[in-house]
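This report refers to the structure that appears directly beneath it.
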Amino acid sequence: MAEALIIYTSLTGNTEACAEIVSAQLEEHGIDVTMEDVMLSEPEDFLDYDIVLVGSYTYGVDGVLPDEMEEFHEELAELDLSGKVYGVFGSGDDFYPVFCSAVDDFEEQFEKAGAVKGGTGVKVNLYPEEEDEELLKKLADDIVAKYEN
Ligand SMILES: Cc1cc2nc3c(=O)[nH]c(=O)nc-3n(C[C@H](O)[C@H](O)[C@H](O)COP(=O)(O)O)c2cc1C
């Protein structure tokens, strides 16, 4: 059975809610999913999985990574994740001029690490509403399709 690891950070629960939606949808496809808080993780943890995901909110008013994500983000690009399928999602607030840039920042690192993009990164405004839920489920579906091909 394919195994997926979702590493996430969430201050007020919005990104965590997104992670739970993605996790449940992956499980629908028979994927064995582990969710880990970034505070208890390191990028090397991804090496043991087939499908690798990051979920992060965006901070700093003009779109910076949360403090707890900075080192993880830096080290991620140094890994060899070739052969693995990745996905990124995150919550932000479209009140800010730079919306959900953490999603782009992590996609860039996964590309540097040689992972294959499984689907379009999902940027959620605050808590995931119905349409966000659809996009998050689609991300999971697309990742599985990419993994199986
Ligand atoms: C001080 C501060 C700065 C923020 N800066 C941004 C930002 O630049 N861009 C953005 O999209 N969201 C920004 N946000 C919004 C958070 O990313 C948003 O509230 C998100 O839903 C939090 O996710 P969480 O519930 O998983 O912690 C900021 C929030 C705070 C409190």
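Here are some notes:
- Any chance VAL54 is touching a Phe, Trp or Tyr at 6+ places or on another chain (Cβ under 7 Å), surrounded by 14 or more Cβ atoms within 10 Å (Cβ to Cβ) and of a type in the set (Val, Ile, Thr): yes
- When residues of segment 7-34 are limited to those that are in a strand (DSSP E or B) and surrounded by fewer than 23 Cβ atoms within 10 Å (Cβ to Cβ), the one farthest from the ligand (Cβ to nearest atom): ASP32
- All positions within segment 35-46 that are assigned to a helix (DSSP H, G or I) and closer than 19 Å to ALA140 by Cα: PHE46
- Unmet requirement for PHE89, which otherwise passes all of (1) in contact with a Cys (Cβ under 8 Å, 6 or more places away or on another chain); (2) assigned to a loop (DSSP other than H, G, I, E, B): (2)
- Which listed residue, of TYR147, TYR127, is out of contact with any Lys or Arg (no Cβ under 6 Å at 6 or more places or on another chain) and part of a loop (DSSP other than H, G, I, E, B): TYR127
Every read-out reported here was derived from the displayed coordinates using simple, explicitly stated rules and does not represent laboratory data. Here the structure is a predicted model, which means the values were calculated and not measured. Quick reminder, even Gly has a Cβ in these numbers, built from the backbone with ideal geometry, and neighbours come from all protein chains shown.
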